[in-house]
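The values are calculated or read from the model by the stated rules, or taken from the named source; none is laboratory data. Quick caveat, the model's predicted, so the values are computed rather than measured. In this analysis, Cβ positions are derived from the backbone assuming ideal geometry, glycine residues included, and neighbour counts consider all displayed protein chains. To get the accessible areas, we keep the full protein, side chains included, count just its heavy atoms, and leave off ligands, DNA and RNA. Shrake-Rupley method; radii C 1.70, N 1.55, O 1.52, S 1.80 Å.
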Amino acid sequence: MKSKQIKQKNVKQENIVPFQIKDWHVIVFFAIITIIFFWEIIIQKRYFWEDFVYQYYPFRNFAAVALSQGIIPFWNPYTFAGMPFIADIQTAFFYPLHIFLTLFVKDNSLNFVYLEYLIIFHYFLAGVFSYYLAKSLNLNVFAAILTGITFMFSGFMVTHLIHETMVIQFAYSPLILLFYNKSFQKDFWKNSVLAGLFMGIAILCGHPQITLYTFFTFALFGVFRLFFVLKENNYRINNFIFKAIIVAVIPFIIGIMIGSIQLLPTLTISGLSERAIMTYEATLEGSLNYHQFFTLLSPKFFGSTNAAHTDVPFWGDKGYWLYWESCIYIGLVALIFWGLAVIKLKENKMILFFSITSFISLLYILGDHFILYKFFYYVIPGFNKFRGVGRFGLVFAFSASILAGFGFDYFIRNKNNNDVNKYLKFVLIGIGLLVILWILYQLNVFKSLANVYQNPIFYKNSIYQLGLSILFLLIIVGLLFSYKKDFLYTPMVLVLIIIISFFDLYIFGSNHNASPINPNQYYKQRETAREFREEYKKELFRINSRAYGNAMFFERNQGMIDFIFLLEGYNPLNLLRRFPPGKTYELLNVKYETKLDLERRVITLNEKQFYMPRAWMSYKPIVVNNDDEIIKIMSDSTFNYKECVVIEKSPELSIDTVPGNNNVKITNYDLNKITISVETDKNGILVLSEVFYPAWKVYVDGEEKPILRCDYSLRGVEIEKGKHVVKFSYEDKDFKLGLVLSISGLAFVIMILVFNRFKKEKAA
């Protein structure tokens, strides 16, 4: 779009340093501070923790090992007795850099360190992408660097590192906005398709909640830009406006098309999962109280949580995970310049937009304490599907990092401006009030303010954290006045401000994810797992790993690490109908059951006296098509699960309910395909102790047959008397359609980029 663009104030770059800082200098700088921040992780003195170990590393290990064997793992039989794998968006199987991990598989295992390095690399990318976004907005180099530091080490990014898919997806937000914003200014086809390409990659990164929040923000940005285009066109509807609408919409269409290979299968599993039912109360988890806005100044004032458990616990008796679900810290340097930018919001439309989004996000994360959340929940599609209200704080982190850059840029160019002087006086007054508050804390005035303060450890922590924030604020303000009064060499002051901003965020977050526990120590009983894999050569069986409460013989997702069939798992998209009621363990082929000796505190695995095989024939079908009735029948102690099978529709074959003789043998068991040899002298139902899912198809002697849901959650098929070969095959039509759409979207991007290049070369 070459005319009637939304114009930004373009101030000529000032010569603020005696030499030119080149982009590669900044990239090296971001690499250095990333290494410093994660140094203990990089040298393997410390390790990532929590969901990294419980969920994401097992995902990556299972996917990488399967792909190294030439298998696309549509199904994961090792968790919760079996569940879809790539249909679960958080596996992020199709994210290109995850596929790259396959190169590091050795002896059917992916060393967790490669995943740690990959995550760290995305922090580097987040800084670089933010820097280039800021530069595209005409900010000077120091302001752009501050934007990058603030974004990459913000409270959201640091505390949610354990949620790998959140971090890697959010890291692309600055790059998407860079191209999306450019598409309204020049080369709209090129920049639109690039924005769409990276939107698609972001979807493939694998976190639907982050997709919702970031795409909602981009959609607001598109509407915002369209409004000013319409205004500058004197509110006339003509071809120019239609062109602007196309520019605004194209990236979303391309992004969704590219992400379809993941999105379509995920839509199916989402409707069949426990997440399909989410109460209003459940979604409020992680919302903030008003007093928690104080953590913008002092992030650990109310306690905190880290991997080594060395900090004073967050709020004493509340869930430790709520610390990262409600962390909105952006650093004190960024906070000061965020405020300056907001005050100057009328100077620039971009500042206006991000001021609006930053305040919307702060009000939204209050949850039920403010009306905005309820409006989003009931009016805007998708916002009623997720818990963790505080995660919308990512919009604040994103908006505030950009505004911090604008504020710093304004300060550098207008250090003696009256507005700057007034603002700094306001900041000094604020610091003075904090000093008074700190003194009152020292005098024990607030001992009765909160119940947790009855414990002197919590009270002293508040005093220390407040004092630390005041110290940083005084140093920052001192540097700002040094810059204004030329007390120090001007470029050196700007460098010191950048360094102090990093140091502040380093102290805040560098130890948050540094656990002393090696993930290899977490996954124990490896030798027993190896013995079970040998035993599988004789027969297939499952293991109940949980004994009592959280007492586990094998860890929850260890099945994906050691490739053993577990009843347990750890996953947010559990199937709602995954376990049959009544004799659950027997029907699910559980051979070994975990027992806990409470007196001796010993966990053992005991072999059960009876369990159903992985596949068997039943000649007594009970037809019931009501879920509650099925549960009632199967939960009755008189239900003969060894002979009877509950199915949901009448069989097409005539079955006389008299037990027959049969021989059932699994001849091949792969992730996506199971082959069974069946010989029976009567018509009956072949029951497979595998979890039912719509994408599974069944073939008898090569002919497709209707697959049955048996015993509430298992698979089955009608079998005529005689000898047959039965094949259960995972065939996902959603995946096939998504693949076509993704390839089409990618082809369109390539076509536009090639055409654009050809057009430029021809013009030259």
Q | Top-ranked residue of the stretch 266-304 - restricted to ones that are of a type in the set (Asp, Glu) and part of a helix (DSSP H, G or I), ranked as least open to solvent (accessible area, probe 1.4 Å) | A | 274
Q: May I ask you to list pairs of residues, at least six apart or on different chains, whose Cβ atoms are under 6 Å apart, with the first in the stretch 464-491 being modelled with pLDDT under 95 and the second being in a helix (DSSP H, G or I) and open to solvent by 10 Å² or more (accessible area, probe 1.4 Å)?
A: 488/482
(Q) All but one of (1) aliphatic (A, V, I, L, M); (2) open to solvent by 10 Å² or more (accessible area, probe 1.4 Å); (3) modelled with pLDDT of 95 or more; (4) under 30 Å from residue 451 (Cβ atoms) hold for residue 322; state the number of the condition that does not hold. (A) (3)
Q.
Residue under question is residue 656, and the condition is that it be open to solvent by 60 Å² or more (accessible area, probe 1.4 Å) and in contact with a His (Cβ under 8 Å, 6 or more places away or on another chain); does it hold?
A. no
Q | Matching residues in the stretch 496-516 - criterion: being more than 21 Å from residue 325 (Cα to Cα), among the hydrophobic types (A, V, I, L, M, F, W, C) and in contact with a helix residue (DSSP H, G or I) (Cβ under 8 Å, 6 or more places away or on another chain) | A | 496, 497, 498, 500, 502
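To keep it simple, each residue is scored yes or no on (1) closer than 30 Å to residue 489 by Cβ; (2) at pLDDT 95 or above; (3) among the acidic types (Asp, Glu); (4) crowded, with 18+ Cβ neighbours inside 10 Å.
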| position | (1), (2), (3), (4) |
| --- | --- |
| 28 | yes, yes, no, no |
| 33 | yes, yes, no, yes |
| 62 | no, yes, no, yes |
| 105 | no, yes, no, yes |
Q.
Scan the stretch 206-214 and tell me whether some residue there is in a loop (DSSP other than H, G, I, E, B) and under 24 Å from residue 95 (Cα atoms).
A. yes
Q. What tally of residues in the stretch 106-126 results from selecting those that are in a helix (DSSP H, G or I) and among the charged types (D, E, K, R)?
A. 1
Q.
Out of the residues in the stretch 604-648 meeting the condition of being aromatic (Phe, Trp, Tyr), part of a loop (DSSP other than H, G, I, E, B) and open to solvent by less than 30 Å² (accessible area, probe 1.4 Å), tell me which one is farthest from residue 665 (Cα to Cα).
A. 639
(Q) If I filter the stretch 120-128 for residues that are crowded, with 24+ Cβ neighbours inside 10 Å and more than 20 Å from the chain's Cα centre (by Cα), do I get at least one hit? (A) no
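This table checks each residue for (1) part of a helix (DSSP H, G or I); (2) β-branched (Val, Ile, Thr); (3) at pLDDT 95 or above.
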position	(1), (2), (3)
377	yes, no, no
393	yes, no, yes
404	yes, no, yes
407	yes, no, yes
416	no, no, no
420	yes, yes, no
436	yes, yes, yes
440	yes, no, yes
449	no, no, no
(Q) Let me confirm something: among 539, 568, 531, which residue is under 26 Å from residue 282 (Cα atoms) and surrounded by fewer than 22 Cβ atoms within 10 Å (Cβ to Cβ)? (A) 568
Q. Quick check, is residue 421 within 26 Å of residue 134 (Cβ to Cβ) and either open to solvent by 30 Å² or more (accessible area, probe 1.4 Å) or within 35 Å of the chain's Cα centre (by Cα) (or both)?
A. yes
**Q.** In the stretch 127-151, residue farthest from residue 409 (Cα to Cα) [restricted to those that are in a loop (DSSP other than H, G, I, E, B) and of a type in the set (S, T, N, Q)]
**A.** 138
Q: Go through the stretch 749-764 and give me each residue that's open to solvent by 70 Å² or more (accessible area, probe 1.4 Å) and assigned to a helix (DSSP H, G or I).
A: 750, 751, 754, 755, 757, 758, 759, 760, 761, 762, 763
Q: Select from the stretch 542-556 the residues that are in contact with an Asp or Glu (Cβ under 7 Å, 6 or more places away or on another chain), part of a loop (DSSP other than H, G, I, E, B) and open to solvent by less than 40 Å² (accessible area, probe 1.4 Å) and list them in ascending order.
A: 545
Q | Flag if residue 393 is surrounded by 14 or more Cβ atoms within 10 Å (Cβ to Cβ), under 24 Å from the mean Cα position of the chain (by Cα) and not hydroxyl-bearing (Ser, Thr, Tyr) | A | yes
(Q) Against the definition (out of contact with any helix residue (DSSP H, G or I) (no Cβ under 9 Å at 6 or more places or on another chain), in a helix (DSSP H, G or I) and closer than 30 Å to residue 160 by Cβ), how does residue 263 come out, yes or no? (A) no
Q.
Testing residue 40 on (1) in a loop (DSSP other than H, G, I, E, B); (2) among the acidic types (Asp, Glu); (3) modelled with pLDDT of 95 or more, one condition comes back false. Which one is that?
A. (1)
Q.
Condition (residue is closer than 20 Å to residue 291 by Cα, among the basic types (Lys, Arg) and either surrounded by fewer than 20 Cβ atoms within 10 Å (Cβ to Cβ) or touching a strand residue (DSSP E or B) at 6+ places or on another chain (Cβ under 6 Å) (or both)) applied to the stretch 334-346: is it met by at least one residue?
A. no
Q) Does any residue in the stretch 41-66 that is more than 18 Å from residue 120 (Cα to Cα) come within less than 7 Å, Cβ to Cβ, of a residue that is of a type in the set (Lys, Arg) six or more places away or on a different chain, and which pairs are these? A) 54/556
(Q) I'd like to verify a number: residues in the stretch 713-733 that are open to solvent by 10 Å² or more (accessible area, probe 1.4 Å), farther than 24 Å from residue 663 by Cβ and in contact (Cβ under 8 Å) with a residue 40 or more places away in the chain, how many? (A) 2
Q) With the stretch 673-712 as the region, which strands (runs of 3 or more DSSP E) entirely inside it contain at least 1 residues that are open to solvent by 10 Å² or more (accessible area, probe 1.4 Å) and within 24 Å of residue 628 (Cα to Cα)? A) 708-710
Q.
Scan the stretch 429-447 and tell me whether some residue there is touching a residue at least 40 places away in the same chain (Cβ under 8 Å) and either open to solvent by 80 Å² or more (accessible area, probe 1.4 Å) or farther than 19 Å from residue 332 by Cα (or both).
A. no
(Q) I need the full set of residues from the stretch 352-388 which are open to solvent by 10 Å² or more (accessible area, probe 1.4 Å) and within 25 Å of residue 502 (Cα to Cα), in order please. (A) 359, 362
Q.
Which pairs turn up if I take residues in the stretch 586-607 that are under 22 Å from residue 640 (Cα atoms) and of a type in the set (Asp, Glu) and look for partners that are open to solvent by less than 50 Å² (accessible area, probe 1.4 Å) and not in a strand (DSSP E or B) with beta carbon separation below 6 Å, at least 6 apart in sequence or on another chain?
A. 586/611; 586/612; 593/608
Q) Identify, please: which residue in the stretch 225-260 is among the polar types (S, T, N, Q) and in a loop (DSSP other than H, G, I, E, B) and is, among those, surrounded by the most Cβ atoms within 10 Å (Cβ to Cβ)? A) 233
